[in-house]
Every structure is written in structure tokens, then in C-alpha cells.
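Colleague: Sharing a structure with you now.
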Amino acid sequence: MIIRPYQPSDAEALVQVFRDAVIGTGSSAYDPQQVAIWASYPEQFEAFRQQLSRGLTLVAVVDHQVAAFGQLEASGHVAFLYTSSQFARQGCASAIYQQLEAHAIQQGNSRLYTEASRISKPFFLKMGFQILETEWVDRKGVQFERFKMEKLLSLTSPEIK
């Protein structure tokens, strides 16, 4: 697996990873209508490409295939973290997350935060996040449960004894 910075030429592949992740794993936690609405994002391809260029977006490539991506905004917001179902549970999201967290610490962020789906909540809990609150959001008239989560970062290295 190679983790590398996002390039604008990756955008189409990342749309496919996003949709595959939502469709491939979404049905385990959301109903078919919710999955269809969620998978319809992004509808504005150029806006998505521009969004991916903000902050730090990392791409995992396995055997020359884009397998996953994640994005950290300058504020410490983990905006995206998606893995294609073909590469699920192979460490792609963990590898990306670890690099995003290390970058956040280098940049002096004292916390990371995200809005996790039912599917990603266990992952973020495993990474040390805590649930701040459960919220319901409306997308095209359909309600989605998600979890506002945060992780406080230690900006100092532990002392070596």
C-alpha cells in the first residue's frame, strides 16, 4: 500500500471509492433510501474536486488501484475517510488516519473532530475519539443519524525514560 497526497486527476477515482464504500457497507446500517441519497453525493463534480484540494487529502493505492482516501481540513476537521469495499478491513483507513493525525499535530492542532456515520463511529472510537453528541441531519428530505466526535491531541512527545 502506498499513501500519497491527492492529485486533481484522482477526483473521478475518489468519487467511485466514495460511492462504492457507501453502497458496499451502507446497507449494514442504513435503509435503501438513505444509502441511495448518500451515494448520490457528489452531484457537483467540480465542487467535489475543489473540496478535495482543501487541507490535506491523502490517497491509498493498492496494486495500482485507488483503494481509500481521507481528508483533514486546517481546522482539524476529518472531512472524509472512505475505503472501497474491495479493500475494506485491510488497514487503508488506519494508515491514512495515522498520517492525518500526525500532520494535525505537526500543524499545532489541539484536537481533531468529525461527524461520523453509524458505520465509521466504531473506527473513530478505536482511534481514540469520543462522542460529543448524536445528531440527525436532513439530506434531500431523508434523515440520517450521525455522531459529532472529537479527539484531543497531545502536542508534546512523551518523555523517553
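The numbers here are math on the coordinates, done by the rules we state, and not lab data. All figures in this text were calculated on a predicted structure; none of them were measured in a lab. All Cβ positions, even for glycine, are placed from backbone atoms using ideal geometry, and neighbour counts span all protein chains on display.
Colleague: Out of all the residues in the stretch 126-138, which are without any contact (Cβ under 8 Å) to a residue 24 or more places away in the chain and outside any strand (DSSP E or B)?
Modeller: Scanning the stretch 126-138 gives 126, 128, 129.
Colleague: If you don't mind, there's one more thing I want to ask. If you check 71, 51, which single one turns out to be in contact (Cβ under 8 Å) with a residue 12 or more places away in the chain, of a type in the set (S, T, N, Q) and in a helix (DSSP H, G or I)? Full working, then the answer.
Modeller: Values: 71 fails: in a helix (DSSP H, G or I).
So the residue among 71, 51 that is in contact (Cβ under 8 Å) with a residue 12 or more places away in the chain, of a type in the set (S, T, N, Q) and in a helix (DSSP H, G or I) is 51.
Colleague: Can you run down the residue pairs with Cβ atoms below 6 Å, 6 or more apart or on separate chains, where the first is in the stretch 79-93 and more than 18 Å from residue 38 (Cα to Cα) and free of Cβ contacts under 8 Å to residues at least 60 places away in the same chain and the partner is buried (at least 23 other Cβ atoms within 10 Å of the Cβ) and of a type in the set (Ser, Thr, Tyr)?
Modeller: 93/83
Colleague: Is it true that some residue in the stretch 28-37 is among the aliphatic types (A, V, I, L, M), in a helix (DSSP H, G or I), out of contact with any helix residue (DSSP H, G or I) (no Cβ under 8 Å at 6 or more places or on another chain) and closer than 28 Å to residue 107 by Cα? Steps first, answer last, please.
Modeller: Here is the first cut: in the stretch 28-37, the ones among the aliphatic types (A, V, I, L, M) are 29, 35-37.
Narrowing the set further to residues that are in a helix (DSSP H, G or I) leaves 35-37.
When the remaining residues are screened for being out of contact with any helix residue (DSSP H, G or I) (no Cβ under 8 Å at 6 or more places or on another chain), the result is 36-37.
Still in the list and also closer than 28 Å to residue 107 by Cα: none.
There is no residue in the stretch 28-37 that is among the aliphatic types (A, V, I, L, M), in a helix (DSSP H, G or I), out of contact with any helix residue (DSSP H, G or I) (no Cβ under 8 Å at 6 or more places or on another chain) and closer than 28 Å to residue 107 by Cα.
Colleague: Then there's this: Report the residue count in the stretch 90-118 for those that are of a type in the set (Val, Ile, Thr), surrounded by 19 or more Cβ atoms within 10 Å (Cβ to Cβ) and either assigned to a helix (DSSP H, G or I) or in contact with an Asp or Glu (Cβ under 7 Å, 6 or more places away or on another chain) (or both).
Modeller: Final tally of qualifying residues: 1.
Colleague: Right, something else. When you go through (1) crowded, with 18+ Cβ neighbours inside 10 Å; (2) more than 21 Å from residue 92 (Cα to Cα) one by one for residue 33, which number turns out not to apply?
Modeller: Here residue 33 meets the rest and fails (1).
Colleague: For residue 46, only one of the following conditions fails: (1) free of Cβ contacts under 8 Å to residues at least 60 places away in the same chain; (2) under 20 Å from residue 100 (Cβ atoms); (3) part of a helix (DSSP H, G or I); (4) not aliphatic (A, V, I, L, M). What is its number?
Modeller: The single condition residue 46 does not satisfy is (2).
Colleague: Scanning the stretch 135-146 for residues that are loosely packed, with under 12 Cβ neighbours inside 10 Å and not hydrophobic (A, V, I, L, M, F, W, C), which turns out farthest from residue 57 (Cα to Cα)? Give the derivation first.
Modeller: Step one: of the stretch 135-146, the residues loosely packed, with under 12 Cβ neighbours inside 10 Å are 135-138, 140-141, 143.
Adding the requirement that they be not hydrophobic (A, V, I, L, M, F, W, C) leaves 135, 138, 140-141, 143.
Values: 135: 26, 138: 26, 140: 27, 141: 30, 143: 28 Å.
Restricting to residues being loosely packed, with under 12 Cβ neighbours inside 10 Å and not hydrophobic (A, V, I, L, M, F, W, C), the top hit is 141.
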